[in-house]
Amino acid sequence: MVSEDNVIEDSASVEDDFDGDDYDYDDGGDYYDDDYGDAGDDDDDYGLVEDDDVDDPGAMVSRRPKLGYTVLQEADIKQRQEDDISKVSTVLSLSQVEATILLRHYNWNVNEVHDEWFSDEERVRKSVGLFERPVVDVSDASKFTCGICFDLLPRDNFASASCGHPFCRECWQGYICTSINDGPGCLLLRCPEPSCKAAVGPDMIDKLAPCEEKGKYSQFLLRSYIEDNREAKWCPAPGCENAVNFAVGGGDFDITCLCSYRFCWNCTVEAHRPVDCETVTKWMLKNSVDGENVNWILHNSKTCPKCKRPIEKNQGCMHMTCTPPCSYEFCWLCLRAWSSHGVATGGFYSCNVYEAEMQKGNVDAEMRREMAKNSFEKYTHYYERWASNQSSREKALEDLNRMESENMEKLCNVQCTTMSQLKCITEAWLQIVECRRVLKWTYAYGYYLPEHEKTKTQFFEYLQGEAEAGLERLHRCAEKELDKYVTADGPLSDFDDFRTKLTGLTSVTKTYFENLVRALENGLEDVNSTACNKIVSPRSPASPRSPTGRNGKGRGSRGKESPRAGGSPKNVDDTSK
């Protein structure tokens, strides 16, 4: 048995593997043979750490990602809103109502309010509708005629905004209630007088609106603080009322709400690293329509002769250019390279090759169908694995909840241990859930990899296969191997060994997936022409900082390339032949 530190120390750096020019398999030894008994009998090497100084607690703390966002609950939002109102009210010597109207007009941006106000106060007052004095003086009148219902009523039955235009309370109430029930536009309510632009503030709402409408107005005002703020968004999880304030330059866009839902700040769909938002949009759109439109694709589109993407002709000429990074130029009729079109084919813009070939029987619609079929089969391959990992992730969440609600207490009693000592089990399941999410999106990433970049594709598939193998190892340990200790009649002597093994697997898997995400987000930029015949192992022996293995096993020597258990072996693009 070894400690988690030894497991981590015995791993090499994935960054070292990605950075070097030499990529190769290692000697194919079983990583866990020496560490965890027979746990790795059928498994291959897996897992890396970032640097050799991983044992330094200070170094580990310094590498922890700093959150660039703050999750806000309703009370936090109200407090921030009140603080901003008070700040503007104090600095500009305005009432709370006037400060609220100003902030709402400038989307709750305190700095912009200050800049605009001190730049030209008169212009701001005019545009917002804040009148310093009434435009209508009715101080001497005891009765008024309402400008809406035209009833002559006593002074006590009238009300007016800062402009002074008098309207009876009943008309004001009807006007306000109608506006509030129409939606958030009531926050920009103006005086009922057609020619007047005086703003109607929260004070008028509190004074004239019924309780139900007051509540709606307050909610609209509270929600506007988030919805009109470019640095804040609501959590998109169903039923969640939390918001997130995101700091500009706060790092990646992955957000974890207090409700445990993870989403992307940029596009508000579920967190999808290492795939960018544009790819996610294309992938989700394809998932939603591909099944229904497969017949349309087969009959109304053609595939690019180079990258096999389906293409719909949306302009009149026959000169087609595939989208980047392919950018292949070809003829719509004959699917040949556009560069070959000239006098020999009937003129630069007049291709008759397709018709001639059709008469000879050399080209028919079956070729088009076959290309479209291959394209659809490729999509099916990636989609099935994408969906399977999503299902596995959902099942892992269910298993985690069942473990916490049912099995943890039982495990404590059976193995005579404490909840704190079982923290590694919860952490393992949380890591499984996160890794399933990452692995799911790597299939969307792989689908859009250009087919002509063979080396990059093979490198990606190898890294993905290693990730799958390591995750399956961790998942098996947390799911099947743990069950023995839960269902045991009494404490087992090797339970501490199991906890050490599970902790080590969790750490190694976490590190490898983090480095995999970074590599994919960088576009696998370290794959170049000099690496055509070599692929990196997740624990490459070529790494200059790879430590020497225990029991005399050298970790720096290269062994013979061989298929690896747990990770699908990939054929090398042998461009030297």
Vicinal HN-Hα couplings computed from phi for segment 464-470 (Karplus, 6.51 cos²θ - 1.76 cosθ + 1.60; Hz; Gly/Pro x): 5, x, 5, 5, 4, 4, x
Nearest-10 value in Å² for the accessible area of residue 453, using the 1.4 Å probe: 60 Å²
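Subtracting the Cα-Cα distance from 0.36 nm times the residue separation, let me have the gained length for residue 127 to residue 181 in nm, one decimal.
Details: separation 54, 0.36 × 54 = 19.44 nm, distance 2.50 nm.
Here the answer is 16.9 nm.
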Segment residue 486-residue 326, length gained on full extension (0.36 nm per residue, minus Cα span): 52.2 nm
Share of carbon and sulfur in the accessible heavy-atom surface of segment 80-231 [1.4 Å probe, %]: 46 percent
Cβ-placed point charges (K, R +1; D, E -1), dipole of segment 80-231 about Cα centre in debye, nearest 20: 260 debye
Solvent-accessible area of residue 327 with every protein chain in place, 1.4 Å probe, in Å² to the nearest 10: 50 Å²
Contour minus Cα-Cα distance for residue 203 and residue 148 (0.36 nm per residue): 17.7 nm
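Accessible area per residue of segment 78-120 at 1.4 Å probe, in Å²? List each step's numbers first, then the result.
Details: 2220 Å² over 43 residues.
Accessible surface, normalised per residue, equals 52 Å².
Provide the FRET efficiency to the nearest 0.05 for the residue 170-residue 219 pair, computing r from the beta carbons and using R0 = 22 Å. Display every interim value, and only then the final one.
Values: r = 25 Å, r/R0 = 1.12.
Working from the Cβ atoms, E equals 0.35.
Structure shown: which of 480/501; 143/214; 233/440 lie over 20 Å apart, alpha-carbon to alpha-carbon?
143/214; 233/440
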Per-residue ³J(HN,Hα) for segment 489-498, Karplus 6.51 cos²θ - 1.76 cosθ + 1.60, θ = phi - 60°, Hz, x for Gly and Pro: 7, x, x, 9, 5, 9, 5, 5, 4, 5
In Å², nearest 10: area of residue 410 left accessible to a 1.4 Å probe: 100 Å²
From phi via Karplus (6.51, -1.76, 1.60), per-residue ³J(HN,Hα) for segment 90-97 in Hz, x at Gly/Pro: 6, 5, 9, 6, 10, 6, 4, 5
For residue 486, net neighbour charge (Lys/Arg +1, Asp/Glu -1) across residues whose Cβ lies under 10 Å away: 0
Under 5 Å, built H, 5+ apart or other chain: amide partners of residue 267: none
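The values are calculated or read from the model by the stated rules, or taken from the named source; none is laboratory data. Given the structure is predicted, the values throughout are model-derived calculations rather than measurements. Note that each Cβ is placed from the backbone with ideal geometry, even for glycine, and that neighbours are counted across all protein chains shown. All accessible areas refer to the heavy atoms of the entire protein, side chains included, with ligands and DNA or RNA removed. Shrake-Rupley method; radii C 1.70, N 1.55, O 1.52, S 1.80 Å.
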